[in-house]
Amino acid sequence: MRSSGSSLTEGSIWKSMLLFALPVFLGNVFQQLYNTFDSWVVGNYLGDNALAAVSSSGSLIFMMIGFFNGVAMGAGVIIARCYGAKDYDSMRRAIHTDVAFGLTAGILLTALGVAFTPTILRWMDTPEDVLPQSISYFRYYFCGAIFTVMYNIMVGILHAVGDSRHPLYYLIFSSFVNVVLDLLFVAVFRWGVGSAAIATTISQGVSALLCFRLLLTTKEPYRVELKKIRYHWDSFKDIVRYGLPSGVQNSVIAMANLVVQTNINSFGKAAMAGCGSYSKIEGFAFLPITCFAQALSTFVGQNLGAQQYGRVKKGVRFAVICSVSMAELIGVASYLLAPQLISIFNDSPEVVAYGAAHMRTICLFYCLLALSHCIAGILRGAGKATVPMFIMLGCWCLLRVTYISIAMQHVNELHTVSMAYPITWFASSVLFIIYFYAADWMHAFDRQAAREKQVQNEA
């Protein structure tokens, strides 16, 4: 089987970026359908408690999986740069190390998720009437964590070499599998909230296996060979160097969002269900933002590897303008349609009221989130992953938690919690803009290569 990896270093900038970003966008849509459809089925067939259990899942899942996925981003940076420079030997070492890391991380995450889920849920002040179903859902979900991790590893490899089409095809297929299994397990057999997680796990497994099969059978230079899957320590060192900041960032920010979720939980299960329903809608609203951020990382990495600096500048300008504009249009639409969108998951007036109020406080500021994500993607593609880490940890973690801790003592309302997001997005956007224009991030790889060459010469 021949894959469709492609170079982003040639041809029309806007065309090559859109042709890469569009499948990423559509793939993310289907990825988001997993948990969203879980919430819809559970909310309509199992009731408010079950919906609250599933809808509040995002922060905990991201905290557990985000670290390993963030570290794997380092592999994507290396693979994209080597692919752009046609350094296939280094690329293959990075790929096989990445796969080995994914297998290790998946096994570890499964064990940690199953063991510590009850403890974390209690720490989050999950209401007692929701807790048993939350534990059931999360434990079944984390039994299949290795599939989630490996899928993200495989997709990261394919995206780094410019193949965004095959992950889309596989996600479309596995999404239909998820829909069928959700309806069968929950709506027909009434096996409970845990069966929704089982359906998601099976579907993720299908996606991961299809991606793995492609990498095993392709004739392209990035083919995976089972006997070569191991840790190449020089490659692993680079993966950790570029990926660890993103991993730490993901986990710590997720922990900060757990603090947010804990405060939401204090308003009861209706607030949990309403805000949880919003999080599913938010997942779709964020897709143009995340797809352009992903496209930018690959585009910047490949073109800096090929030393196409002018092309980098033009591509960055185009992607940032598109992402910010689309994000704000989506934000305005979300504001206008907030009650109708929340009611898709649950039509209880109290749930809709909480969810719509939360959404309307946040959604008009999506443009700030888009700007932060785009510049973060640019810097990761340029090998400057520590900069997004420090900015996002400072703003989306430290500032967010500090704000909530102080503000809730004075105004104990859901609106106070909701405002944490626009305030911290604004702060991160300001810092990103300052760094973007003040620092020479574009030649970071060149400086790193010069330092390594100097060390070798001195040795």
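Answer yes if at least one residue in the stretch 365-376 is of a type in the set (S, T, N, Q), buried (at least 23 other Cβ atoms within 10 Å of the Cβ) and in contact (Cβ under 8 Å) with a residue 40 or more places away in the chain, and no otherwise. Among the residues of the stretch 365-376, at least one is of a type in the set (S, T, N, Q), buried (at least 23 other Cβ atoms within 10 Å of the Cβ) and in contact (Cβ under 8 Å) with a residue 40 or more places away in the chain, which makes the answer yes. Being under 20 Å from the mean Cα position of the chain (by Cα) and under 22 Å from V42 (Cα atoms) is a description that applies to T148. As for the stretch 426-434, it holds no residue that is over 18 Å from the mean Cα position of the chain (by Cα), at pLDDT below 95 and hydrophobic (A, V, I, L, M, F, W, C).
Y354 - would you say it is more than 19 Å from the chain's Cα centre (by Cα) and either surrounded by fewer than 21 Cβ atoms within 10 Å (Cβ to Cβ) or under 14 Å from L296 (Cβ atoms) (or both)? Step through it out loud before you land on a result.
Details: more than 19 Å from the chain's Cα centre (by Cα): yes; either surrounded by fewer than 21 Cβ atoms within 10 Å (Cβ to Cβ) or under 14 Å from L296 (Cβ atoms) (or both): no.
No; evaluated as a whole, the condition is false for this residue.
Counting just the residues of the stretch 335-349 that are touching a Lys or Arg at 6+ places or on another chain (Cβ under 8 Å) and surrounded by 18 or more Cβ atoms within 10 Å (Cβ to Cβ), which one comes out farthest from L46 (Cα to Cα)? My answer is A338.
Just wondering, is there one or more residues in the stretch 344-361 that are modelled with pLDDT of 95 or more and either on the phi > 0 side of the Ramachandran plot or basic (K, R) (or both)? Checked the stretch 344-361: at least one residue is modelled with pLDDT of 95 or more and either on the phi > 0 side of the Ramachandran plot or basic (K, R) (or both).
Does G283 meet the test of being under 17 Å from R360 (Cα atoms) and surrounded by fewer than 23 Cβ atoms within 10 Å (Cβ to Cβ)? Talk me through it step by step, then tell me what you get.
On the way: under 17 Å from R360 (Cα atoms): yes; surrounded by fewer than 23 Cβ atoms within 10 Å (Cβ to Cβ): yes.
Criteria met by G283.
Every residue in the stretch 315-348 that is among the small types (G, A, S) and in contact with a Phe, Trp or Tyr (Cβ under 6 Å, 6 or more places away or on another chain), please.
Within the stretch 315-348, the subset among the small types (G, A, S) is 315, 319, 323, 325, 327, 331, 333-334, 338, 343, 348.
The answer is G315, A319, S323, A327, G331.
Restricting attention to the stretch 406-422, which residues are in contact (Cβ under 8 Å) with a residue 24 or more places away in the chain and surrounded by fewer than 17 Cβ atoms within 10 Å (Cβ to Cβ)? Walk me through it before giving the result.
As a first pass, look at the stretch 406-422 and keep what is in contact (Cβ under 8 Å) with a residue 24 or more places away in the chain: 408, 414-415, 417-422.
Scanning the stretch 406-422 gives M408, H415.
When you look at D89, is it closer than 28 Å to A50 by Cα, part of a helix (DSSP H, G or I), of a type in the set (D, E, K, R) and modelled with pLDDT of 85 or more, yes or no?
Numbers: closer than 28 Å to A50 by Cα: no; part of a helix (DSSP H, G or I): yes; of a type in the set (D, E, K, R): yes; modelled with pLDDT of 85 or more: yes.
Here the answer is no, as D89 does not meet what is asked.
Output the helices (runs of 4 or more DSSP H) that fall wholly within the stretch 354-459 and possess 3 or more residues being in contact with an Asp or Glu (Cβ under 9 Å, 6 or more places away or on another chain), or say none. Can you show your working first?
Details: elements: 366-381, 386-392, 400-410, 414-418, 420-438, 444-458.
Because the criterion is at least 3 residues that are in contact with an Asp or Glu (Cβ under 9 Å, 6 or more places away or on another chain), the helices (runs of 4 or more DSSP H) in the stretch 354-459 that meet it are 366-381.
To keep it simple, each residue is scored yes or no on (1) buried (at least 16 other Cβ atoms within 10 Å of the Cβ); (2) in contact with a Phe, Trp or Tyr (Cβ under 7 Å, 6 or more places away or on another chain); (3) touching a residue at least 24 places away in the same chain (Cβ under 8 Å); (4) not in a helix (DSSP H, G or I).
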residue: V99; (1), (2), (3), (4): yes, no, yes, no
residue: V114; (1), (2), (3), (4): yes, yes, yes, no
residue: T126; (1), (2), (3), (4): yes, no, yes, yes
residue: D129; (1), (2), (3), (4): no, no, yes, yes
residue: Q133; (1), (2), (3), (4): yes, no, yes, no
residue: V149; (1), (2), (3), (4): yes, yes, yes, no
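Rundown of residues vs (1) within 26 Å of S279 (Cβ to Cβ); (2) crowded, with 18+ Cβ neighbours inside 10 Å, yes/no style:
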{"site": "I157", "(1), (2)": "no, yes"}
{"site": "D182", "(1), (2)": "yes, yes"}
{"site": "F189", "(1), (2)": "no, no"}
{"site": "V193", "(1), (2)": "yes, yes"}
{"site": "A208", "(1), (2)": "yes, yes"}
{"site": "L216", "(1), (2)": "no, no"}
{"site": "R230", "(1), (2)": "no, no"}
{"site": "V260", "(1), (2)": "yes, yes"}
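For N69, the conditions (1) in contact (Cβ under 8 Å) with a residue 60 or more places away in the chain; (2) in a helix (DSSP H, G or I); (3) farther than 21 Å from E282 by Cα; (4) not hydrophobic (A, V, I, L, M, F, W, C) are fulfilled apart from (3).
What are the residues in the stretch 299-321 that are in a helix (DSSP H, G or I), among the aliphatic types (A, V, I, L, M) and touching a helix residue (DSSP H, G or I) at 6+ places or on another chain (Cβ under 8 Å), if any? Result: V300, L304, V312, V316, A319, V320.
For the stretch 300-318, the tally of residues that are crowded, with 20+ Cβ neighbours inside 10 Å and not polar (S, T, N, Q) stands at 8. For K227, the conditions (1) touching a residue at least 24 places away in the same chain (Cβ under 8 Å); (2) among the basic types (K, R); (3) over 17 Å from G156 (Cβ atoms) are fulfilled apart from (1). In this entry, I239 passes the filter for residues that are touching a residue at least 40 places away in the same chain (Cβ under 8 Å), under 23 Å from S164 (Cβ atoms), β-branched (V, I, T) and part of a helix (DSSP H, G or I).
The values are calculated or read from the model by the stated rules, or taken from the named source; none is laboratory data. Note that the coordinates shown come from a computational prediction; the quantities given were computed from them, not determined experimentally. Cβ atoms come from the backbone with ideal geometry, glycine included; neighbour counts cover every protein chain shown.
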